[in-house]
1. For residues that are more than 20 Å from LEU557 (Cβ to Cβ) and part of a strand (DSSP E or B), tally how many sit in region 490-535.
2. When both residues are 6+ apart or on different chains and their Cβ atoms are under 6 Å apart, which pairs have a first residue that lies in region 46-67 and is within 13 Å of the ligand (Cβ to nearest atom), and a second that is among the hydroxyl-bearing types (Ser, Thr, Tyr) and open to solvent by less than 10 Å² (accessible area, probe 1.4 Å)?
3. Go through the residues of region 243-264 one by one and say whether even a single one is open to solvent by 10 Å² or more (accessible area, probe 1.4 Å), within 30 Å of LYS375 (Cβ to Cβ), more than 16 Å from the ligand (Cβ to nearest atom) and of a type in the set (A, V, I, L, M, F, W, C).
4. Give the residue that is farthest from the ligand (Cβ to nearest atom), with candidates limited to residues of region 68-88 that are in a loop (DSSP other than H, G, I, E, B) and of a type in the set (A, V, I, L, M).
5. Name the residue that is surrounded by the fewest Cβ atoms within 10 Å (Cβ to Cβ), counting only residues in region 345-380 that are hydroxyl-bearing (Ser, Thr, Tyr) and under 25 Å from the mean Cα position of the chain (by Cα).
6. Please identify the pairs in which a residue from region 131-155 that is of a type in the set (D, E, K, R) has its Cβ atom under 7 Å from the Cβ atom of a residue that is part of a loop (DSSP other than H, G, I, E, B), counting only partners at least 6 apart or on another chain.
7. Being in contact (Cβ under 8 Å) with a residue 60 or more places away in the chain and open to solvent by 10 Å² or more (accessible area, probe 1.4 Å) is the filter here; which residues of region 265-294 pass it?
Amino acid sequence: MSENDNKKVKLRSAEWFGSNDKNGFMYRSWMKNQGIPDHEFQGKPIIGICNTWSELTPCNAHFRKLAEHVKRGILEAGGFPVEFPVFSNGESNLRPTAMLTRNLASMDVEESIRGNPMDAVVLLVGCDKTTPALLMGAASVDLPTIVVTGGPMLNGKLNGKNIGSGTAVWQLHEQVKGGEISMHEFLAAEAGHSRSAGTCNTMGTASTMACMAESLGTSLPHNAAIPAVDARRYVLAHMSGIRIVEMVREDLKLSKILTKENFENAIRVNAAIGGSTNAVIHLKAIAGRIGVDLELEDWTRVGRGMPTIVDLLPSGRFLMEEFYYAGGLPAVIRRMGDGNLLPNPNALTVNGKTIWENCQDAPIYDDEVVRPLDKPLLKDGGICILRGNLAPRGAVLKPSAATPALMQHRGQAVVFEDFEHYKSRIMDPNLEVDANSVLVMKNCGPKGYPGMAEVGNMGLPPKLLAAGVKDMVRISDARMSGTAYGTVVLHVAPEAMAGGPLGIVQDGDWITLDCAGGELNLEITDEEMAARQAVRVTGSAPGPKTGYQQLYIEHVLQADEGCDFDFLVGNRGSAVPRHSH
Ligand code: FES
């Protein structure tokens, strides 16, 4: 499309810059203090670049350079770029958990986009929560939108071998506790663990959400996997800049991309890649903003039976660098389509083509990394949705991270009232626990540990680690890092703090986990359940609360509803707010 096509579209930004009255004067005049000449305001699509750059979000610290390349593409295509910052919630530094501020960031994004003169927006995302936060905020406005991810780090290295972000931390920490390595060796691993710009290089939540953005059709093909330091990442940023200008001219809004069909594709892709359980929460929240009805049962209906074919840590062996060299996400989608396992091949993507048109000829360079469908890492990799009297509104388990023998399990509960209780009690050498026990932790859900911390993969009791036990069934209302592993039941809803039955589990209770049947049950009678519920004391999360934390506790929805705020669900549109001058 040519610049002449600009004349055919009614630009939203003209509501700011298109008049010669007092208001047009003011909007243009203040922008001109940046050295912007008149012709830049004349009928050009104004493209916002929503940047989560921050030196406190190390995974996104290279985003200024990324933004420069997006700008080059926008200028080449005849648009005018305007870069703006939004709250950057990095996973590694931000306490108590970056999830606490996902909704806050999404509000920042929504209001920044709607209230400013822009016709479309490029979302620069990377670290775990930045991807859903920006997609949620953008979905509530619904302009033409394209996602550019920062890309994963290069492979970590330790003693000449590859190590994976996050996953290595859990492994090395258990090795220290089990006496297998020294504290010196543990600390020496830090430098090689994170040795380049970019996000975690395992199939953790950041990589998962990058794959979700690509399979949802919101980014150009290959966006998910190109390493952060690979020049092709910057070519993709440039091409995304060109494409977003075309999307304005085509009026290709986000709601035309974020359809139920694309969510179904993403759910199936999550199974194929062995993706993070956090995707269940984030996809629900994004769907809620754009007005797509997505339920936990969709994960069973669409996801179950899909083999995990991407052999990446924490479920498998390789890292994101090898994933890109093997063909990246287009290779996975091609495998799925060739096997009739892509639910909606005709779903539209941001480049104007269907997902199958983008991927049907994608080369696959390495069968070890992107495995053939008949040689999967796991036969059924779909997120396991559990229900029962212990989780009336659902819970999740990631089969590819679990021990197959423990996915059908009956054991007695060892109960921790909250994370602090867990930390003190798990070290007790006299704790009555064996490998068959079920570790149960309460009060770590959205309200109980505001933000729903990633503490669900409780470390095992040191005495069992020393005895060589590698995995146990663990149950909580918490989340788990996408880089973690184990037979871990998460997101139990309703959470204990909201009155869920998890709160009445006692030491010694028998619990049955049946992943095949999708059930999680506490073996007590309904009468006993009612009697315990009648006398239970529910409180509120301990400790002083900030104003935002108080707002969070009062308005956060449960895990099965995506942990969005009740008042933020929905698409509020891109109508131009009125003038104030
Ligand atoms: Fe940012 Fe893992 S800590 S992606």
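The values are calculated or read from the model by the stated rules, or taken from the named source; none is laboratory data. Worth saying up front: this structure is predicted, and the values here are computed from it rather than measured. Glycine also receives a Cβ, built like all others from the backbone with ideal geometry; neighbour counts cover every protein chain displayed. Accessible surface areas use protein heavy atoms only, side chains included; no ligands, DNA or RNA. Shrake-Rupley method; radii C 1.70, N 1.55, O 1.52, S 1.80 Å.
1. 9
2. These pairs meet every condition: THR52/THR130; CYS59/THR199; ASN60/THR52.
3. Scanning region 243-264, I find no residue that is open to solvent by 10 Å² or more (accessible area, probe 1.4 Å), within 30 Å of LYS375 (Cβ to Cβ), more than 16 Å from the ligand (Cβ to nearest atom) and of a type in the set (A, V, I, L, M, F, W, C), so the answer is no.
4. ALA77
5. Restricting attention to region 345-380, the residues satisfying the condition of being hydroxyl-bearing (Ser, Thr, Tyr) are 349, 354, 365.
In the following step, the residues that additionally are under 25 Å from the mean Cα position of the chain (by Cα) were identified as 349, 354.
Values: THR349: 25, THR354: 17.
For region 345-380, the residue satisfying everything is THR354.
6. If the second residue must be part of a loop (DSSP other than H, G, I, E, B), the pairs left are ASP142/LYS253; ASP142/ASN571; ASP142/GLY573; ASP142/SER574.
7. The answer is ARG268, LYS284, GLY288, ILE290, GLY291.
Residue-by-condition table, conditions (1) within 16 Å of the ligand (Cβ to nearest atom); (2) among the polar types (S, T, N, Q); (3) open to solvent by 10 Å² or more (accessible area, probe 1.4 Å):
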{"site": "SER476", "(1), (2), (3)": "no, yes, no"}
{"site": "THR487", "(1), (2), (3)": "no, yes, no"}
{"site": "PRO494", "(1), (2), (3)": "no, no, yes"}
{"site": "GLY500", "(1), (2), (3)": "no, no, no"}
{"site": "ASP509", "(1), (2), (3)": "no, no, yes"}
{"site": "ASN521", "(1), (2), (3)": "no, yes, yes"}
